[in-house]
Structures are given as structure tokens and as C-alpha cells.
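Participant: Below is one structure. I have some questions about it.
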Amino acid sequence: MIEHIGILKFEPFTRKDQKDLVITKLKKLVEVIPSIAEIQVGYNFSEKNQGFDIGISARFENRKDLDDFLYHPSHQEVGAFAKEVGLIDIITVDFLV
């Protein structure tokens, strides 16, 4: 099993309703990308957040499933929307669990 972690940072001008929509769109990916075994998305409330707003955790059976997710057009669309509303940085970590 592969755990995919992502943290997203947005411009200060990005509104909460826009970030809410990014979260909703990410959560709905499980409905259209069959390779996702599990997904959680939410606001980062850590006091050591370094400006990162949203966290995502997704699980995949294998590397092919992760790649299918990363390059899926629906995932790419969410990424494009996030950039459109002010995404300025993302950090990802992938590891075996």
C-alpha cells in the first residue's frame, strides 16, 4: 500500500470559499478515479503550518495506481483550478505503508 501526502499553500488573497471548493473537488476524486483506495482532505490547523492551508492523504494499492491518480485528467483539472484561485506551493511525500 502507498500513502500519498500533499500539503497546499495558497496566496493570502485566496478566499475560504475557494479553498472549500478545492477540498470538495479533491474529495470527489474518489468517485471518478478508481485507483484511489482511500482519501482524506481538510484544513491544516497545526501551529507549525508554515502557511500551508490544506492537507491531503490518499492511499493506493501500488505505484501504478498512484501514477493513474497523479496523471488522471480529473486530478489535473483540480490542480489547474487550485492554481487559478491562488495555489503557490505544494509539498508531496509518497511512502510504503
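Just so you know, all these numbers are worked out from the coordinates, no wet-lab data involved. Nothing here was measured: the structure is a model prediction, and the numbers come from that model. Here the Cβ positions follow ideal geometry from the backbone for every residue, glycine too, while neighbour counts run over all protein chains shown.
Participant: Return only the number of the condition from (1) without any contact (Cβ under 8 Å) to a residue 60 or more places away in the chain; (2) farther than 24 Å from L96 by Cα; (3) of a type outside the set (F, W, Y); (4) touching a helix residue (DSSP H, G or I) at 6+ places or on another chain (Cβ under 6 Å) that V22 does not satisfy.
Facilitator: Just one mismatch for V22, condition (1).
Participant: What number goes with the only condition from (1) under 25 Å from E11 (Cα atoms); (2) more than 14 Å from the chain's Cα centre (by Cα); (3) in contact (Cβ under 8 Å) with a residue 12 or more places away in the chain that F45 does not pass?
Facilitator: The one condition F45 does not meet is (3).
Participant: Can you pull out every residue in the stretch 31-82 that is charged (D, E, K, R) and crowded, with 17+ Cβ neighbours inside 10 Å?
Facilitator: Hits for the stretch 31-82 are D53, D65.
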